[in-house]
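What follows is a set of notes on a single structure, which appears directly below.
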Protein chains: 2
Amino acid sequence: MVRDDFHERLAALDASLVSMARTVTEMMGRASRALLTSDPELARQIVATDAQVNQLRNTVDDQVAELMLLQQPMARDLRFMLAAIRITGDLERMGDLAKHIAKIALLRAPASAVPSEAAPLFTSLSEVAVRIATKMTQILSTRDQLDATQLSLDDDEMDALHKKVFAKLFSDWPYGVEAAVDFTLLGRFYERYADHAVNIAHQVVYLVTGDVQLRD
Amino acid sequence: MVRDDFHERLAALDASLVSMARTVTEMMGRASRALLTSDPELARQIVATDAQVNQLRNTVDDQVAELMLLQQPMARDLRFMLAAIRITGDLERMGDLAKHIAKIALLRAPASAVPSEAAPLFTSLSEVAVRIATKMTQILSTRDQLDATQLSLDDDEMDALHKKVFAKLFSDWPYGVEAAVDFTLLGRFYERYADHAVNIAHQVVYLVTGDVQLRD
């Protein structure tokens, strides 16, 4: 394989990652809407999209394996490929988490899984999650290290919202145990979704600099 | 680098994976004991071990990157290295999940996070989780495909126990919302821990056969 062809294929791999990132960002916005409007049709669409994301992950991982076999990569290309393998794993989980939110919406529809009093909190969780995922998608395109590092500020906002979920649960919760279980899991799904986006930003720092960010 | 040296380093990588797997298996047994006996000292030890696991993950990932740079790997070796990158990710999360269980124990000690009536259920969750992780560790050593495929049977058992957690929560739960939140999260942590072990078994099938198992 000539070097130019190799770099074309690297660029195609990059484009696949960005496209997967866009999909899981969209999924989160739609899953949140399905949750807040108790829309079973929308929720079902997200479950279907998640199956596509899983398939896409395998396709992208195969692209990486093929590229590695075809040509001994240089250090920078190799870092990108190793990062790509980790990134597809995180993106796949983000799709799963959006699907989990959609499934809770589906399970409770036509009722709402979120008490109306808590709708503003979940609107915020959704907005922050989508904002973080949108920035992450951008960072995958631009590989801007500073933006990647600053994504943890948005994640702090997510952690603060996640604490509010527990604060609401622990201060005289009048909605019963079933709603508390949904509320607990939903809060966790949003928080994990954001964590994966931050992991991806760390991988971008790694592929640019070779530095590994230690995880919690 | 001569080929023999390369294979020695591959074997060392393999040994690191098995040792990481043993550590996260042990962590789960200890975290469960900390939970069921409300032992804050034991819980603190697990939090400390998790930091070591995170560090170890980075060391092993660096070993993979170095090996790839030093020598163009053959197809089978390459598959092993790609699998290794995914496996360290799953092992790291298993460590995190054991830590999360320990942290709930720590948060509620000297009280118990698990109502005594539910202790047998959590003893079963722990036994199945440790059994699955022990088998996974063995599969990493032996690379036995049949054992790897059969691990999903043990995971079915875990799913059945996880359903029992919800059944208990939804049938007249008398312990209040805080205990329900702990219970929900603990159930999820055990279930996710087992899922990661099954992912690792799938990676072993991939590295032996090149076949990818589609995830949920």
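FYI, it's all coordinate maths here, none of it is from the lab. Given the structure is predicted, the values throughout are model-derived calculations rather than measurements. Every residue, glycine among them, receives a Cβ derived from its backbone with ideal geometry; neighbour counts consider all protein chains shown.
Counting neighbouring Cβ atoms within 10 Å and putting the fewest first, the residues A:Lys164, A:Lys103, B:Lys99 line up as A:Lys164, A:Lys103, B:Lys99.
Taking A:Ala167, A:Ala119, A:Ala84 in turn, the Gaussian network model of chain A (Cα-Cα springs below 10 Å) assigns the largest fluctuation to A:Ala167. Shortest first, A:Ala11 label-point distances to identical copies amount to 4.5 nm, with the label point at 7 Å from Cα along Cα→Cβ.
Ascending distances from the A:Leu69 label point to its copies in the other chains, with the point 7 Å along the Cα-to-beta-carbon line: 2.5 nm. Fraction of C-alpha pairs exceeding 24 angstrom in region A:59-216: 42 percent, rounded to a whole number. Placing one equal scatterer on every Cα of the protein assembly as shown and applying the Debye formula, the log10 ratio I(q)/I(0) at q = 0.06, 0.07, 0.12 Å⁻¹ is -0.25, -0.34, -1.03. Sorting A:Tyr206, A:Tyr190 by the number of Cβ atoms found within 10 Å of their own Cβ, with the fewest placed first, yields A:Tyr206, A:Tyr190. Note that region B:26-132, at 25 °C in a medium of 0.890 mPa s, gets a Stokes-Einstein diffusion coefficient of 160 µm²/s from its Kirkwood radius over C-alpha pairs.
Scaled against the 2.2 N^0.38 Å expected of a compact globular protein of N residues, the Cα radius of gyration of region B:61-103 reads 1.51. Between B:Leu186, B:Gln145, B:Val205, the Cα set farthest toward the positive side of the dipole of region B:3-209 (charges on each charged residue's Cβ, about the Cα centre) is that of B:Leu186.
Of interest is the spacing of the C-alpha centroids, which for region B:183-209 and region A:84-99 amounts to 15 Å. Around the Cα centre of region B:44-83, unit charges on the Cβ atoms of Lys, Arg, Asp and Glu (plus for the first two, minus for the last two) sum to a dipole of about 140 debye. Dividing the summed -39500 (n - 2.57) terms of all DSSP H runs of n ≥ 4 by the residue count of chain A sets its mean residue ellipticity at 222 nm at -31000 deg cm²/dmol.
GNM remark for chain A: springs join alpha carbons under 10 Å apart, and the peak mean-square fluctuation among A:Gln203, A:Gln71, A:Gln63 falls on A:Gln71. Quick check on my link table: of A:Lys163/B:Lys164; A:Lys163/B:Lys135; A:Lys135/B:Lys163; A:Lys135/A:Lys164; A:Lys164/B:Lys135; A:Lys135/B:Lys168, which ones sit more than 31 Å apart, alpha carbon to alpha carbon? The answer is A:Lys163/B:Lys135; A:Lys135/B:Lys163; A:Lys164/B:Lys135; A:Lys135/B:Lys168. The residues packed around B:Val165, meaning those with a beta-carbon under 9 Å from its beta-carbon, carry a net charge of +3 if Lys and Arg are +1 and Asp and Glu are -1.
In what order do B:Val205, A:Val181 fall by count of nearby beta-carbon atoms within 10 Å, going from fewest to most?
Least crowded to most crowded, the residues run B:Val205, A:Val181.
How large is the Kirkwood hydrodynamic radius of region B:5-56, counting all unique pairs of alpha carbons, in Å?
Computed over region B:5-56, the radius equals 12.2 Å.
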